[in-house]
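Working notes, beginning with the structure itself.
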Amino acid sequence: MTSILLVAERDEQGEINQSTLQAIAAANGLLDAVVTVAISGEAPASASALAVEKIVTLAVVSIADEGIYDQATAEISALVESTSPEVVIFSKSDFGSIVGARLAFRSDSAFAADCIEISNDGGDGVSVTRPVYGGSALAEFEIASKPAIVTLRAGSYEAGNETGSPSIEAFDSGASVEQAASVTGTVAEARDGVRLEDANFVVSGGRGLGGPEPFSVLTDLANALGGAVGASRAACDAGWIDHSHQVGLTGKSVSPDVYIAVGISGASQHMAGCSSSRAIVAINKDADSNIFKEARFGIVGDWEKVLPSFLATVRELKA
Amino acid sequence: MGIGITELTVRIVVLAKQVPDPETPPSQFKIDESTNTVIPPNGVPPVVNGFDLTAVEAALLLRDSGADVEITVMSVGSDFVMDAMKKPLAMGADRLVLVDDSGLDNIDSAVTVRVLAAAIEKDGPYDLILGGRQASDWDQAHVTLGLSEVLGLPLVSLVQKLELNGDSVSLQRVIPDGYQTITAPLPSVLTITNELGEPRYPNLRGIMQASRKKPEIFSLADLGISSDDLVPKLELKKLYIPESNKQVELIEGEDEADSGKKLALRLREEKLI
Ligand SMILES: Cc1cc2nc3c(=O)[nH]c(=O)nc-3n(C[C@H](O)[C@H](O)[C@H](O)COP(=O)(O)OP(=O)(O)OC[C@H]3O[C@@H](n4cnc5c(N)ncnc54)[C@H](O)[C@@H]3O)c2cc1C
Ligand SMILES: Nc1ncnc2c1ncn2[C@@H]1O[C@H](COP(=O)(O)O)[C@@H](O)[C@H]1O
């Protein structure tokens, strides 16, 4: 038997989010898995059909206690202490990355971040695989100590369609933390159209665009496809587009049907955020650039000459 | 305490790791699978992790804004290459402290955090600890977070802007679609992200000054740690380059405009658009 505690997160509608459903699939793949899902606040109605053993609700008013997560860390630490799971799984989200790491170092437990695979074969401990060196290599680790605390990269597992009838109980950690650092405000970037992470089409631009103006052509293309605009870090760092559009290892993870990379060389750190796309389409003037090793369709050429006719034809096809 | 340090000086420790140059072309990135290590590419020297140079920049911006700061760069590892490690000094940092010990080859984050914590405590008083967002070798992005737990200090990650106000710092923390404004007390642990801006290039004067400075070196023994105490929690079993069997289908038209048109038609054919 493998006892697993899985810390759930919600989407904007308050439902269990996709990454959590994927993590449940990963957890259920472990040997004789017995999965408990922890969630902050009242569980959404859909949770009662999750393919897990138990749901534990935490008192934390919002699991997003504002990017600092002192209260969430304290509550989840208390839950781990009282239930002694062998494995604790988080999503590799802002929340999971921080609380997972803090929990691990607070309890002197092993921590593996950004895993794409987790398994156990009945021996002692679990194995995890995580991309390293920006995704140029994969590393397989064995974790013998318990609990093993991991974060899972979105898209590494497919959400299953099994259902279950978990029991639901509340956990009162008794923790009430006075937060030393305090959040005084939030400034949100305006977004129009679909969320980058949810888009079925993503049109991304890189350093090869040469400046901020060409992003308006990418926006036209994204609009024609009903998609969103992404960017490489080089384009964001240059100030051509806001960092909230960055795709990659330290940006957003996207998995659209079609990912169109324009003037992007395809560095491993960029591909880390888009390699689970159904089809990658590359437009790059350098036939040797790495993006052509990752793409399904490509044009070796200057985006300035390729894009207008591509956009016009897309518009005709969509009309 | 260094020369010229007063009670008002804000002592900043910047954590910096020596890593293989992440701009190494993929064709030169090779692994020795018998030892599970990366083979250093010929003629590509290691560098200070990019985000850590951004953290140095963050500390220097505090100085530029008029604050009296002392900047100590601290690193844990072995086989340090001084040309790389002195770059923060050339940018304007005051001191370089290295925990240099052959027992620190290939360590995991649990060990790194433990050694960093011991070195920071040993080195003396501090007001702020800045780390990079993540190290470009193992991409763990949690050494600084772990350090905040071990030292029992407040943590703010993904900081893109900071300002000193007496005994606190005002921060901007990047979130997926914008940023939060946060006030944290001193001392705190902060991780710095590239949204802060590019690290400055060292000027000639900085390079000259750095060449005259000697790093202060601790061994594990100096920190009262025996290498036997450093038990990793993660055991590396296998390190390999994933195989890619993707075959790109290149679309070629009469000219580039024609290729663009054919691409759209091909995607429609595949029912992708
Ligand atoms: C720890 C770490 C984390 C990172 N995280 C990320 C991340 O999250 N996301 C990310 O994107 N990067 C990330 N990077 C940076 C990454 O390594 C690359 O430096 C970056 O992705 C390069 O961006 P680029 O492809 O736009 O630029 P370049 O590599 O400069 O490529 C530009 C491309 O444009 C092509 N081009 C030029 N002109 C034209 C033209 N007229 N028409 C068509 N093509 C043209 C060129 O042939 C070239 O291939 C990270 C790096 C590190 C070390
Ligand atoms: N060996 C080390 N020496 C000094 N600082 C380190 C070391 N390892 C990690 N760090 C710091 O911790 C940050 C995050 O590293 P990591 O968690 O390994 O991705 C880095 O950007 C550095 O600031």
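Residue by residue through the stretch A:255-267, note down the ones that are crowded, with 24+ Cβ neighbours inside 10 Å, of a type outside the set (G, A, S) and part of a loop (DSSP other than H, G, I, E, B). Once the filter is applied, which keeps residues that are crowded, with 24+ Cβ neighbours inside 10 Å, of a type outside the set (G, A, S) and part of a loop (DSSP other than H, G, I, E, B), the stretch A:255-267 yields A:P256, A:I264.
Does at least one position in the stretch A:168-180 carry a residue that is facing another protein chain (nearest Cβ under 10 Å), closer than 30 Å to B:S148 by Cα and away from ligand 1 (no atom under 16 Å from the Cβ)? If you could, list the steps in order and put the result at the bottom.
Within the stretch A:168-180, the subset facing another protein chain (nearest Cβ under 10 Å) is A:179-180.
If we keep only those that are closer than 30 Å to B:S148 by Cα too, we end up with A:179-180.
Applying the additional criterion that residues be away from ligand 1 (no atom under 16 Å from the Cβ) yields A:179-180.
Yes: the stretch A:168-180 contains one or more residues that are facing another protein chain (nearest Cβ under 10 Å), closer than 30 Å to B:S148 by Cα and away from ligand 1 (no atom under 16 Å from the Cβ).
Of all residues in the stretch A:114-173, those satisfying the criterion of being open to solvent by 40 Å² or more (accessible area, probe 1.4 Å) and assigned to a strand (DSSP E or B) are A:E117, A:S119, A:E140, A:E142, A:S167, A:I168, A:E169, A:A170, A:F171. Quickly run through the stretch B:1-21 and pick out the residues that are in a loop (DSSP other than H, G, I, E, B), more than 10 Å from chain A (Cβ to nearest Cβ) and within 16 Å of ligand 1 (Cβ to nearest atom). Passing the criteria: B:A16, B:K17, B:D21.
Specify which of the listed residues (A:E81, A:E66) is open to solvent by 50 Å² or more (accessible area, probe 1.4 Å), in a helix (DSSP H, G or I) and farther than 18 Å from A:N161 by Cα. Reasoning before the result, please.
Working: A:E66 fails: in a helix (DSSP H, G or I).
Exactly one residue qualifies, and that residue is A:E81.
Identify, please: which residue in the stretch B:53-82 is away from chain A (no Cβ under 14 Å) and among the acidic types (D, E) and is, among those, farthest from B:R11 (Cα to Cα)? Walk me through how you get there before you give the answer.
Taking the stretch B:53-82 as the starting set, the residues that turn out to be away from chain A (no Cβ under 14 Å) are B:55-56, B:58-82.
Add one more test, that the residue is among the acidic types (D, E), and what stays is B:64, B:68, B:70, B:79.
Working: B:D64: 15, B:D68: 9, B:E70: 5, B:D79: 27 Å.
Ranking the candidates gives B:D79 first.
Which residues, counting only those in the stretch B:140-161, are assigned to a loop (DSSP other than H, G, I, E, B) and more than 6 Å from ligand 2 (Cβ to nearest atom)?
Quick first cut of the stretch B:140-161, residues assigned to a loop (DSSP other than H, G, I, E, B) only: B:140-142, B:152-154.
Answer for the stretch B:140-161, where residues must be assigned to a loop (DSSP other than H, G, I, E, B) and more than 6 Å from ligand 2 (Cβ to nearest atom): B:G152, B:L153, B:P154.
Confirm whether A:S91 is within 14 Å of chain B (Cβ to nearest Cβ), surrounded by fewer than 21 Cβ atoms within 10 Å (Cβ to Cβ) and under 28 Å from B:Q134 (Cα atoms). Spelling it out, it is not the case that A:S91 is within 14 Å of chain B (Cβ to nearest Cβ), surrounded by fewer than 21 Cβ atoms within 10 Å (Cβ to Cβ) and under 28 Å from B:Q134 (Cα atoms). Among the residues making up the stretch B:184-217, a single one is more than 26 Å from B:V76 (Cα to Cα) and crowded, with 17+ Cβ neighbours inside 10 Å: B:A184.
Of the residues making up the stretch A:121-148, not one is more than 9 Å from chain B (Cβ to nearest Cβ) and more than 18 Å from A:L31 (Cβ to Cβ). The set of residues in the stretch A:229-245 being open to solvent by less than 30 Å² (accessible area, probe 1.4 Å) and without any contact (Cβ under 8 Å) to a residue 24 or more places away in the chain consists of A:C236 alone. Of all residues in the stretch B:22-43, those satisfying the criterion of being free of Cβ contacts under 8 Å to residues at least 40 places away in the same chain and assigned to a loop (DSSP other than H, G, I, E, B) are B:E23, B:T24, B:P25, B:S34, B:T35, B:P40, B:P41, B:N42, B:G43.
Consider the stretch B:226-250 and keep the residues that are more than 24 Å from the chain's Cα centre (by Cα) and part of a loop (DSSP other than H, G, I, E, B). The one that is nearest to A:Y133 (Cα to Cα) is B:P242.
In the stretch B:89-110, the residues that are within 16 Å of ligand 1 (Cβ to nearest atom) reach residues that are open to solvent by 20 Å² or more (accessible area, probe 1.4 Å) with C-beta atoms within less than 7 angstrom, at least six apart or across chains, in these pairs: B:S109/B:Q140; B:S109/B:V143.
Say whether the condition of being within 16 Å of ligand 2 (Cβ to nearest atom) and in contact with a Lys or Arg (Cβ under 7 Å, 6 or more places away or on another chain) is met by at least one residue in the stretch A:236-249.
Residues of the stretch A:236-249 within 16 Å of ligand 2 (Cβ to nearest atom): A:248-249.
Those left that are additionally in contact with a Lys or Arg (Cβ under 7 Å, 6 or more places away or on another chain): A:248.
For the stretch A:236-249, residues within 16 Å of ligand 2 (Cβ to nearest atom) and in contact with a Lys or Arg (Cβ under 7 Å, 6 or more places away or on another chain): present.
A count restricted to the stretch B:22-32 and to residues that are open to solvent by 40 Å² or more (accessible area, probe 1.4 Å) and within 14 Å of ligand 1 (Cβ to nearest atom) stands at 4. What are the residues in the stretch A:268-307 that are within 8 Å of another protein chain (Cβ to nearest Cβ), open to solvent by 10 Å² or more (accessible area, probe 1.4 Å) and either assigned to a strand (DSSP E or B) or touching a residue at least 60 places away in the same chain (Cβ under 8 Å) (or both), if any? Correct list: A:S268, A:Q269, A:V300.
The set of residues in the stretch A:174-205 that are assigned to a strand (DSSP E or B) and either loosely packed, with under 13 Cβ neighbours inside 10 Å or aromatic (F, W, Y) (or both) comprises A:T184, A:G185, A:V187, A:A188, A:F201. Filtering the stretch B:111-139 to residues that are part of a strand (DSSP E or B) and away from ligand 1 (no atom under 15 Å from the Cβ) leaves B:L128, B:I129, B:L130.
Taking the criterion of being of a type in the set (S, T, N, Q) and either open to solvent by less than 10 Å² (accessible area, probe 1.4 Å) or within 14 Å of chain A (Cβ to nearest Cβ) (or both), the residues of the stretch B:84-128 that qualify are B:N106, B:S109, B:T112.
Apart from one condition, B:L272 fits all of (1) over 28 Å from B:N106 (Cα atoms); (2) open to solvent by 30 Å² or more (accessible area, probe 1.4 Å); (3) not in a helix (DSSP H, G or I); the exception is (2).
Checked against the criteria, B:S136 counts as modelled with pLDDT of 95 or more, closer than 21 Å to B:P199 by Cβ and within 14 Å of another protein chain (Cβ to nearest Cβ).
Limited to the stretch B:153-168, what total is found for residues that are under 21 Å from the mean Cα position of the chain (by Cα) and not basic (K, R)?
Qualifying residue count, the stretch B:153-168: 10.
The values are calculated or read from the model by the stated rules, or taken from the named source; none is laboratory data. Note that the structure is predicted; figures quoted are calculated from it, not measured. Cβ coordinates were reconstructed from backbone atoms using ideal geometry, including for glycine residues, and neighbour counts include every protein chain displayed. Surface areas here come from the heavy atoms of the whole protein model, side chains and all, with no ligands, DNA or RNA. Shrake-Rupley method; radii C 1.70, N 1.55, O 1.52, S 1.80 Å.
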